[in-house]
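Since every read-out is calculated from the coordinates, none of them should be taken as a lab result. Just so you know, these numbers come straight off a predicted model, no measurement behind them. Methodologically, a virtual Cβ is constructed for each residue, glycine included, from the backbone with ideal geometry; neighbour enumeration extends over all protein chains shown.
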Amino acid sequence: MRDAGIHDYAVLTGADLVVRGQAGHGGPWRIAVHHPTDRSRAPLLLEMTAGAVGTSGVTGRQRHVVDPHTGEPAGQLVAATVVGPDLAVADAYATALYAAGPAGLAWFRPGSDYRVLFAAER
């Protein structure tokens, strides 16, 4: 999009989002990220001018990560949501965390560019 001269945008595809630049009101993009299973919880509100939110699990595009031996959904999580500067990396982390379960939380160190917003267990 930047090559086409578009510098301010938000692109949502499924449960993944990437933003760059300013929102229409001239400030950062305001993003509400809902808990994957508890709709009674208030959403997390993010303000971003550059970044991405990647989500993997059974609440969006279902059965896209499966155990190759059983054909059943992989992992112990219902969903995993990761935020960071690059969508491809955030989505890869979310998918790997979803498949690995809570043990995958060890991948995220303080000060990392990527952080877990949700790792909802089954």
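A few notes on this one:
- Just so you know, in segment 15-43 the residues that are aliphatic (A, V, I, L, M) and closer than 22 Å to residue 118 by Cα include one that is farthest from the chain's Cα centre (by Cα), and it is 42.
- Residues within segment 93-122 that are in a helix (DSSP H, G or I) and surrounded by 12 or more Cβ atoms within 10 Å (Cβ to Cβ), tallied: 13
- Pairs with Cβ under 9 Å, 6+ apart, first in segment 5-17 and over 14 Å from residue 51 (Cα atoms), second charged (D, E, K, R): 6/20; 14/61; 15/61
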